[in-house]
Amino acid sequence: PVMVIAAILYFLLPLDSIPDFILGLGYLDDVTVITFVYRQLSNELEKYRTWRAGKPPEIDDEPRH
């Protein structure tokens, strides 16, 4: 997926929102990006597993305004 490749490139390339040479903060943006991508992929994998198991998707019965 594109999101994974983008996260890897962001982690490897020297251009960051917060430069890596700033101790303590340098890798904070890298960790944030990787955590975001991990959570997104986990959600997508869970949806896929539900679909593969043949379970119908959960439907919210509450009306939306």
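Here the translational diffusion coefficient of the range 2-52 follows from Stokes-Einstein with Rh set to the Kirkwood radius across Cα pairs; for 37 °C and 0.692 mPa s it amounts to 273 µm²/s. Over all other residues within a Cβ to Cβ distance under 11 Å of ASP29, the charged ones net out to -3, with Lys and Arg as +1 and Asp and Glu as -1.
Bear in mind that the values in this text are calculations on the coordinates, not laboratory data. Source: prediction; values computed, not measured. Glycine gets a Cβ as well: all are built from the backbone with ideal geometry, and neighbour counts include every protein chain shown.
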